[in-house]
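*Asks:* Here's a structure for you.
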Number of protein chains: 2
Amino acid sequence: MKLRAEDLGEFGLIDRIISVLGGPKPPYGMGDDCALVELGNEGIAVTTDMIAESTDVPPGMKPWEIGWYAVAINISDLASKGAKPLAFFSSIAIPPETPVSLIEGIYHGMKDCCSTYDCYVAGGDTSRGGELMISGTAIGRVNASDFIQRSGAMVGDVIALTGELGLPALGLEILFGKSEYKCDRAVRALLIPRPRVREGVYLAEKHLCTASMDTSDGLASSLHQLARASGTGMEIDLDLLPIAPEVMEHGGEDLERLALYTGGEFELLLTMKEENFEEARKTIDMKSIGTVTDSGVRMRKSGRITELRDTGYSHF
Amino acid sequence: MKLRAEDLGEFGLIDRIISVLGGPKPPYGMGDDCALVELGNEGIAVTTDMIAESTDVPPGMKPWEIGWYAVAINISDLASKGAKPLAFFSSIAIPPETPVSLIEGIYHGMKDCCSTYDCYVAGGDTSRGGELMISGTAIGRVNASDFIQRSGAMVGDVIALTGELGLPALGLEILFGKSEYKCDRAVRALLIPRPRVREGVYLAEKHLCTASMDTSDGLASSLHQLARASGTGMEIDLDLLPIAPEVMEHGGEDLERLALYTGGEFELLLTMKEENFEEARKTIDMKSIGTVTDSGVRMRKSGRITELRDTGYSHF
């Protein structure tokens, strides 16, 4: 029987694609949040991310929010490498019966998200498609020497995380009717993510991090990805996780799933030397959640160590 | 009743989107083949183009050809502005049951097209989708002062066209079984387009053109787009059109439709001063097909003038 996309899973498929393409190209690229393209003395970070109505748009999401989201997920990838947003490009596939007002709403959201992060929609493409899909590409500016890769974590580094954990996951439960709890803050955290541009650019310019990525696939999956890219292990401590109070209160048995294994979060997961962490926390709202180790991705929980599963958001 | 995407057509929809976004942003952007992003002294041309299996993939198109095509249509947009390809990014939406070998074939095609034009696949995104869709973004390098816009045509300029007309359209007829004629050259012209990078870069560096775009929407539609962008008219002469011999021979009653009103052609449509045309034709294979006028988009045909319809390839 023929091997199908769903048999491999998203990361398996990406590995196959990278192998066809012959591995990463200098200076950086494949397998990181952005590629770095060098142009004379200038560095440009480029990232592309696609959303499909059937898989990425929860019930009740408004057109404006879809547009905001399509931009924000790309800008978050720039932020995680320390790049300042310059311009955004959208390709949109539209079923012919789609109301024009819906499309206008999407572009209003794109425009507003771009303005918020000092960039603009510079171009795009429209195409007919069987379902609504938006593919966004964001371009940012970063010096090549400032670009923060995923692969630089060193044993002994502090693992740090910006913001809070679990709110978007709780928002998803609410929108899908799996939770009776009403929590606007959770729903807004899911639908209107706020990429950490100021934080990423500051950390990159000051050379305070050894590695960085965003947590869009969920914290556990992100820890695994950072560990693989850096050839290290990661150990976090449950008691140190900045789980949002609403999630602590209403997460119940699902607390770990919400905080660790659900995507849609756009915080920065960082590794840095202890002294740099102390320096950076003066300017940036972030917490130490653990330490880079030499192998394994684990969590300390009530004094015991457990393995973190390598699962989170995956498209297949 | 609500206005739907198909009621407006592709260009009507693009106008609505541009109006939401507040019009073009400096220096160039919306409504041209590429946007120009300036970075210090460097200029970057960026373009994005999406293909959907249901609308852009004719029967029998091989995975390798799909990958080649996804890259080539973007590189053609760079070429038309005079930009040298630097890097390509792909977002791909994949139905879960898609054979992995098909996806690998697509990426082989992308890689080979990139290599042919001295660039590389630098990154991308994979996503689950209801149908196979590929959104590509290409980035190229061009000095801001060399970038050839659509809007610079001047009354009296020569209208020039690279290559030949009608082969991809004939190829499409053959693949859809509308023509009994066998013609590999036509099918190949459709499935494996060869963007005019060398020509575009040469013309831009030498400042020989006043306006340029590619003919991916068909010649008639492209003439209308160039006329609108430049605020001029266009008059071409049927006898001057470089219609491919196979199309002349087998086009029959459909000759004009094949040569003028079908997309899938990736030639450069150029306007230039007479003396620059004489200079450029020493280096580049192109023909004069007419003259920029002050209004109307017309064709001289056996001594009579007819209006060219503004139709061609449109997604809605």
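*Asks:* Looking at the stretch B:151-168, which of the residues that are of a type in the set (A, V, I, L, M, F, W, C) and over 20 Å from B:Asp285 (Cα atoms) is nearest to the chain's Cα centre (by Cα)?
*Replies:* Among those residues, the one meeting the criterion is B:Ala153.
*Asks:* For the stretch B:124-171, which residues satisfy the criterion of being without any contact (Cβ under 8 Å) to a residue 40 or more places away in the chain and in contact with a Pro (Cβ under 7 Å, 6 or more places away or on another chain)?
*Replies:* Scanning the stretch B:124-171 gives B:Arg128, B:Gly129, B:Gly130.
*Asks:* When you scan the stretch B:111-127, how many residues do you find that are within 8 Å of chain A (Cβ to nearest Cβ) and not hydroxyl-bearing (Ser, Thr, Tyr)?
*Replies:* Matching residues across the stretch B:111-127 total 6.
*Asks:* Could you say whether any residue in the stretch A:158-180 is within 18 Å of A:Thr271 (Cβ to Cβ), among the hydroxyl-bearing types (Ser, Thr, Tyr), touching a strand residue (DSSP E or B) at 6+ places or on another chain (Cβ under 7 Å) and in the same structural domain as A:Leu268 (by TED's automatic domain parsing)?
*Replies:* yes
*Asks:* Still on this structure, please answer the following. Here are some residues: B:Gly31, B:Gly67, B:Gly43. Which one is assigned to a strand (DSSP E or B), under 27 Å from B:Val201 (Cα atoms), of a type in the set (Gly, Ala, Ser) and in contact with a Lys or Arg (Cβ under 9 Å, 6 or more places away or on another chain)?
*Replies:* B:Gly43
*Asks:* Within the stretch A:82-97, can you find the residues that are over 30 Å from A:Ala144 (Cα atoms) and either buried (at least 24 other Cβ atoms within 10 Å of the Cβ) or more than 7 Å from chain B (Cβ to nearest Cβ) (or both)?
*Replies:* A:Ile92, A:Ala93, A:Ile94, A:Pro95 - these are the residues of the stretch A:82-97 that are over 30 Å from A:Ala144 (Cα atoms) and either buried (at least 24 other Cβ atoms within 10 Å of the Cβ) or more than 7 Å from chain B (Cβ to nearest Cβ) (or both).
*Asks:* Quick one: which residue in B:Leu258, B:Leu223, B:Leu219 is out of contact with any strand residue (DSSP E or B) (no Cβ under 7 Å at 6 or more places or on another chain), hydrophobic (A, V, I, L, M, F, W, C) and either closer than 14 Å to B:Phe11 by Cβ or surrounded by 23 or more Cβ atoms within 10 Å (Cβ to Cβ) (or both)?
*Replies:* Testing whether each residue is out of contact with any strand residue (DSSP E or B) (no Cβ under 7 Å at 6 or more places or on another chain), hydrophobic (A, V, I, L, M, F, W, C) and either closer than 14 Å to B:Phe11 by Cβ or surrounded by 23 or more Cβ atoms within 10 Å (Cβ to Cβ) (or both) leaves just B:Leu258.
Per-residue answers, yes or no, for (1) over 22 Å from A:Lys301 (Cα atoms); (2) out of contact with any helix residue (DSSP H, G or I) (no Cβ under 8 Å at 6 or more places or on another chain); (3) surrounded by fewer than 23 Cβ atoms within 10 Å (Cβ to Cβ); (4) among the polar types (S, T, N, Q):
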{"site": "A:Ser151", "(1), (2), (3), (4)": "yes, no, yes, yes"}
{"site": "A:Ile159", "(1), (2), (3), (4)": "no, no, no, no"}
{"site": "A:Ala204", "(1), (2), (3), (4)": "yes, no, no, no"}
{"site": "A:Ser212", "(1), (2), (3), (4)": "yes, no, no, yes"}
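*Asks:* Another question, then. Taking the stretch B:45-57, which residues are within 7 Å of chain A (Cβ to nearest Cβ) and of a type in the set (A, V, I, L, M)?
*Replies:* B:Val46, B:Met50, B:Ala52
*Asks:* What number goes with the only condition from (1) out of contact with any Phe, Trp or Tyr (no Cβ under 6 Å at 6 or more places or on another chain); (2) more than 10 Å from every other protein chain (Cβ to nearest Cβ); (3) assigned to a strand (DSSP E or B) that A:Met61 does not pass?
*Replies:* (3)
*Asks:* Residue check: is A:Glu42 within 9 Å of chain B (Cβ to nearest Cβ) and modelled with pLDDT under 85?
*Replies:* yes
*Asks:* Counting only residues that are facing chain A (nearest Cβ under 7 Å) and at pLDDT below 90, which one in the stretch B:23-36 is farthest from B:Thr116 (Cα to Cα)?
*Replies:* Taking the candidates together, the pick is B:Lys25.
*Asks:* I need the full set of residues from the stretch B:64-81 which are charged (D, E, K, R) and more than 11 Å from chain A (Cβ to nearest Cβ), in order please.
*Replies:* Scanning the stretch B:64-81 gives B:Glu65, B:Lys81.
*Asks:* Condition first: surrounded by 20 or more Cβ atoms within 10 Å (Cβ to Cβ) and free of Cβ contacts under 8 Å to residues at least 40 places away in the same chain. Can you find one or more residues in the stretch B:66-74 that meet it?
*Replies:* No: the stretch B:66-74 contains no residue that is surrounded by 20 or more Cβ atoms within 10 Å (Cβ to Cβ) and free of Cβ contacts under 8 Å to residues at least 40 places away in the same chain.
*Asks:* I've got another one for you. Restricting to the stretch A:128-145, count the residues that are buried (at least 20 other Cβ atoms within 10 Å of the Cβ), of a type outside the set (A, V, I, L, M, F, W, C) and more than 10 Å from chain B (Cβ to nearest Cβ).
*Replies:* 1
*Asks:* If you don't mind, there's one more thing I want to ask. Is one or more of the residues making up the stretch A:116-130 out of contact with any strand residue (DSSP E or B) (no Cβ under 6 Å at 6 or more places or on another chain) and of a type in the set (A, V, I, L, M)?
*Replies:* no
*Asks:* Condition check: within 22 Å of A:Thr98 (Cα to Cα), in contact (Cβ under 8 Å) with a residue 40 or more places away in the chain and either in contact with a Phe, Trp or Tyr (Cβ under 8 Å, 6 or more places away or on another chain) or aromatic (Phe, Trp, Tyr) (or both). Does B:Thr55 satisfy that?
*Replies:* no
Table: residues versus (1) in contact with a Phe, Trp or Tyr (Cβ under 8 Å, 6 or more places away or on another chain); (2) over 12 Å from A:Leu161 (Cα atoms).
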site	(1), (2)
A:Gly233	no, yes
A:His250	yes, yes
A:Gly264	yes, yes
A:Leu269	no, no
A:Met272	no, no
A:Asn276	no, yes
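*Asks:* Still on this structure, please answer the following. Answer yes if at least one residue in the stretch B:49-59 is among the charged types (D, E, K, R), modelled with pLDDT of 95 or more and crowded, with 24+ Cβ neighbours inside 10 Å, and no otherwise.
*Replies:* Scanning the stretch B:49-59, I find no residue that is among the charged types (D, E, K, R), modelled with pLDDT of 95 or more and crowded, with 24+ Cβ neighbours inside 10 Å, so the answer is no.
*Asks:* Residues that are in the same structural domain as A:Asp184 (by TED's automatic domain parsing), without any contact (Cβ under 8 Å) to a residue 40 or more places away in the chain and out of contact with any Pro (no Cβ under 7 Å at 6 or more places or on another chain), at least 2 per element: which helices (runs of 4 or more DSSP H) completely within the stretch A:205-292 meet that?
*Replies:* A:245-250, A:274-280
*Asks:* In addition: Just to be sure, is A:Gly105 within 14 Å of chain B (Cβ to nearest Cβ), more than 30 Å from A:Glu275 (Cβ to Cβ) and surrounded by 24 or more Cβ atoms within 10 Å (Cβ to Cβ)?
*Replies:* No: the conditions fail for A:Gly105.
The values are calculated or read from the model by the stated rules, or taken from the named source; none is laboratory data. What you see is a predicted model, and the numbers here were worked out from it, not measured in a lab. Here the Cβ is made from the backbone with ideal geometry for all residues, glycine too, and neighbour counts use every protein chain on show.
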